[in-house]
Amino acid sequence: MTDSIPPSMPDPTQVWKPKVHGRKRGFVTPREKVWLDETLPLYLPPRAHSRAELLDALGADPERARLVVEIGFGNGQFLAPLAARHPEDRFIGIEVFQEGLAGLLRRLQRDAITNTRILPEDARLALRDAFPEHALDWVIINFPDPWPKKRHHKRRIVQPELLDLLVERLRPGGLLTLATDWAEYAEWMFEVLESHPGFVNLVAPERFGPRPDFWIETRFETKGVAAGRTIHHLAWQRRT
């Protein structure tokens, strides 16, 4: 464990105010926007006071099903096929960009995937407001925006404050997996996690693990590899 936060990391004593950066609409046509506004409410997850209540409302067995969240699912290339592989589990994707929301909705409808819901909100607010404590079995963060310029590092999703929320929402022993094709961001992720008392590295003493068995290659990954970048995989567990 490291004894201090690296100098480039944010001051954890500062007040945390989530802010979405970038284009929320993306390349969504007016017709697609109307369709999205009509369809998305049908995929919102129910509100519940406990994990069992939430899974029951989603039509799953609380004793057997996993509740899985992907933060920033892009256009759903990873989340949709993962959900299709595991119909017994329940999946919730969190995304703010309308182009991505539309992309996942099309995949879910095209492939008749019925075990996935969508939260169109900033992930930090969604984790705070939409889930009961200790409800999640697995949280996935794949290829988040690296914000490579140092002055933009505060915009990165992987921050101590996010981990504080995840500790509250993950079950003891719950899984957090991350992937990035930016080496510097991979080191950032590791340092943030290593500095947080709520998580333990599942691939220790290594920093990064091998490509996991559950992995699904996406077009985004293919582009990164073609550009000569290495995919870094991290696997951490909420302490019991």
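Put a plus charge on the Cβ of each Lys and Arg, a minus charge on the Cβ of each Asp and Glu, and nothing anywhere else: the dipole of the range 120-236 about its Cα centre is then about 460 debye. The calculated P(r) of the range 150-240, using every Cα pair and 10 Å bins from 0, goes 15, 46, 33, 5 in percent. When the Cα positions of Ala130, Ala226, Phe143 are compared along the charge dipole of the range 106-240, Ala226 comes out farthest toward the positive end, with charges on each C-beta of Lys, Arg, Asp and Glu. Helical runs assigned H by DSSP (4 residues or longer) give the chain a calculated mean residue ellipticity at 222 nm of -9000 deg cm²/dmol, each run adding -39500 (n - 2.57) before division by the residue total. Computed as a quarter of the hull surface, the mean projected area of the alpha carbon convex hull for the chain stands at 13.3 nm². Within the range 162-237, the chymotrypsin sites (Phe, Trp or Tyr not before Pro) that combine a DSSP coil assignment with at most 14 other C-beta atoms in a 10 angstrom radius are Phe214. Relative to one another, the C-alpha centroids of the range 43-121 and the range 144-215 are positioned 21 Å apart. Net charge of the neighbourhood of Gly72, taken over other residues with C-beta under 11 Å away and scored Lys/Arg +1, Asp/Glu -1, is -4. Note: relative contact order over the chain, using C-alpha pairs below 8 Å and six or more positions apart, is 21 percent.
Annotation for Asp145 and Val203: the two label points, set 7 Å from Cα along the Cα-Cβ direction, are 2.6 nm apart. Please say if the range 80-148 is rounded, prolate or oblate, where rounded means a/c under 1.5 for a ≥ b ≥ c the square roots of the C-alpha gyration tensor eigenvalues, and otherwise the choice is prolate for a/b larger than b/c and oblate otherwise? Note, shape of the range 80-148 comes out oblate. Note: relative contact order over the range 101-240, using C-alpha pairs below 8 Å and six or more positions apart, is 26 percent.
Since every read-out is calculated from the coordinates, none of them should be taken as a lab result. Treat the numbers as computed from the prediction; the structure is a model and nothing was measured. We place every Cβ from the backbone using ideal geometry, glycine too, and count neighbours over all the protein chains shown.
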